[in-house]
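A short worksheet on the structure shown next.
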Amino acid sequence: MKIVVAVKQVPERDAVVRVAADGRSVDESDLAWTMNEPDAYALEEALQLKERAGDGEVVVLCAGPERVQSTLREALAKGADRAVHVVTPEDGDNALMCRDTLDVARLLADAVKGESPDLVLTGLQSDDLGAGQTGVVMAELLGVPHATLVLHVELAGAGIKVKRELEDGWMQHVEMPLPALLTIQSGGNRLRYATLMGIKKARQKEMREAPAAAAAKRVDEVLKVSPPTRVKQTEMLTGSADEIAAKLVEKLRFEVKVL
């Protein structure tokens, strides 16, 4: 089985993100970068699926400027067999900012077609933009069935059986034919670390560059990028203990949305 895992390089979670001078993008000059966490879970699922099958190949795919090769090397060190760097032709580090979800999905789908995989895995969404649409659009462009919010994958005859997370703790088990595309939910597995031996082996593994087509005209437009406004507000709840508790639960559930 050949599995392609599409990953994205995103700013580290504790990175200080600043708005660029144009007010429509992010200043990337001093950012530290890492693999998108949901994509790391997609990679882990692919590696475990290969190990359970006893054979196969895991190919990791990433689009962007030269800096994304560090993320590809990390994936190779964790156990991926090969890497494909889709080199974006735009100048500067903000190469993907001029592309919308449809255009990014197109360039990734074009690279996937050249591999003819049995299974394509992506993270559910990216930590930076969080659109959650790239994998689904890729499936449509590739003409293959897809499933989202996947926590576990296992082989089932000539196809696969997936475990999907629904709401309120409910799970769904779905059998699917191959080829297929899955977007993986975080938390389904325990992520592995790259070992010293894996890091050494990664230097010898293939990393192929694939040129990407020029960006098409966006179907949407970024008008402004700005940090969230910080607002401090205090609200006093009055009434009996039972009334205050009921009001608090209602606010936590419908306003704060943590319940």
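Taking E12, is it over 21 Å from D103 (Cα atoms), open to solvent by 10 Å² or more (accessible area, probe 1.4 Å) and not aliphatic (A, V, I, L, M)? Steps first, please.
Details: over 21 Å from D103 (Cα atoms): yes; open to solvent by 10 Å² or more (accessible area, probe 1.4 Å): yes; not aliphatic (A, V, I, L, M): yes.
Here the answer is yes, as E12 does meet what is asked.
Mind telling me which of the residues L142, L182 ends up being of a type outside the set (S, T, Y), closer than 16 Å to Y41 by Cβ, touching a strand residue (DSSP E or B) at 6+ places or on another chain (Cβ under 8 Å) and at pLDDT 95 or above?
L182
Restricting the first residue to the range 171-189 and requiring it to be acidic (D, E), which pairs with a second residue that is at pLDDT below 95 and surrounded by fewer than 21 Cβ atoms within 10 Å (Cβ to Cβ) meet a Cβ separation below 7 Å and a spacing of at least six or different chains?
Between residues of the range 171-189 that are acidic (D, E) and residues that are at pLDDT below 95 and surrounded by fewer than 21 Cβ atoms within 10 Å (Cβ to Cβ), the close pairs are E175/A156; E175/G159.
Can you pull out every residue in the range 61-83 that is free of Cβ contacts under 8 Å to residues at least 40 places away in the same chain and either assigned to a loop (DSSP other than H, G, I, E, B) or under 13 Å from the mean Cα position of the chain (by Cα) (or both)? If you could, list the steps in order and put the result at the bottom.
Going residue by residue through the range 61-83, those that are free of Cβ contacts under 8 Å to residues at least 40 places away in the same chain are 65-66.
Passing the criteria: only P65.
When you check V137 against the structure, is it of a type in the set (V, I, T) and out of contact with any strand residue (DSSP E or B) (no Cβ under 8 Å at 6 or more places or on another chain), yes or no? Before you say what the answer is, go through the steps one by one.
Numbers: of a type in the set (V, I, T): yes; out of contact with any strand residue (DSSP E or B) (no Cβ under 8 Å at 6 or more places or on another chain): yes.
Judged against the criteria, V137 is a match.
Given V104, V58, which one is outside any strand (DSSP E or B), of a type in the set (A, V, I, L, M) and without any contact (Cβ under 8 Å) to a residue 60 or more places away in the chain?
One residue alone meets the criteria, V104.
Answer yes or no as to whether A131 is under 23 Å from V86 (Cα atoms), part of a loop (DSSP other than H, G, I, E, B), more than 21 Å from the chain's Cα centre (by Cα) and not basic (K, R).
Working: under 23 Å from V86 (Cα atoms): yes; part of a loop (DSSP other than H, G, I, E, B): yes; more than 21 Å from the chain's Cα centre (by Cα): no; not basic (K, R): yes.
For A131, the condition - under 23 Å from V86 (Cα atoms), part of a loop (DSSP other than H, G, I, E, B), more than 21 Å from the chain's Cα centre (by Cα) and not basic (K, R) - is not met.
If we keep just the residues of the range 65-83 that are modelled with pLDDT of 95 or more and among the charged types (D, E, K, R), which is most open to solvent (accessible area, probe 1.4 Å)?
R73
Please list, ordered by first then second residue, the pairs with beta carbon atoms under 7 Å, 6 or more apart or interchain, first in the range 220-236 and of a type in the set (F, W, Y) and open to solvent by 100 Å² or more (accessible area, probe 1.4 Å), second outside any loop (DSSP other than H, G, I, E, B) and at pLDDT below 80.
Pairs found: none.
Test G187 against the stated conditions and say whether it is open to solvent by less than 80 Å² (accessible area, probe 1.4 Å), out of contact with any strand residue (DSSP E or B) (no Cβ under 8 Å at 6 or more places or on another chain) and either among the small types (G, A, S) or outside any helix (DSSP H, G or I) (or both). Working first, answer last.
On the way: open to solvent by less than 80 Å² (accessible area, probe 1.4 Å): yes; out of contact with any strand residue (DSSP E or B) (no Cβ under 8 Å at 6 or more places or on another chain): no; either among the small types (G, A, S) or outside any helix (DSSP H, G or I) (or both): yes.
When the stated conditions are applied, G187 does not pass them.
Considering the range 1-21 alone, what residues qualify as being within 18 Å of P65 (Cβ to Cβ) and either of a type in the set (G, A, S) or at pLDDT below 85 (or both)? Before you say what the answer is, go through the steps one by one.
As a first pass, look at the range 1-21 and keep what is within 18 Å of P65 (Cβ to Cβ): 6-12, 15, 17, 20.
Matches in the range 1-21: A6, A15, V17, A20.
From the list R164, R192, which one is assigned to a loop (DSSP other than H, G, I, E, B), at pLDDT 90 or above and either open to solvent by 20 Å² or more (accessible area, probe 1.4 Å) or not β-branched (V, I, T) (or both)?
Details: R164 fails: assigned to a loop (DSSP other than H, G, I, E, B).
Unique residue meeting the criteria: R192.
One line per residue, one yes/no per condition, for (1) assigned by TED's automatic domain parsing to the domain that holds P117; (2) surrounded by fewer than 17 Cβ atoms within 10 Å (Cβ to Cβ); (3) within 18 Å of L108 (Cβ to Cβ):
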position	(1), (2), (3)
E28	yes, no, no
D39	yes, no, yes
K50	yes, no, no
A53	yes, yes, no
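The values are calculated or read from the model by the stated rules, or taken from the named source; none is laboratory data. Computed from a prediction, not measured in an experiment: that's the story for all the values here. Glycine also receives a Cβ, built like all others from the backbone with ideal geometry; neighbour counts cover every protein chain displayed. Please note that ligands, DNA and RNA were not included when accessible areas were found on the heavy atoms of the full protein model with its side chains. Shrake-Rupley method; radii C 1.70, N 1.55, O 1.52, S 1.80 Å.
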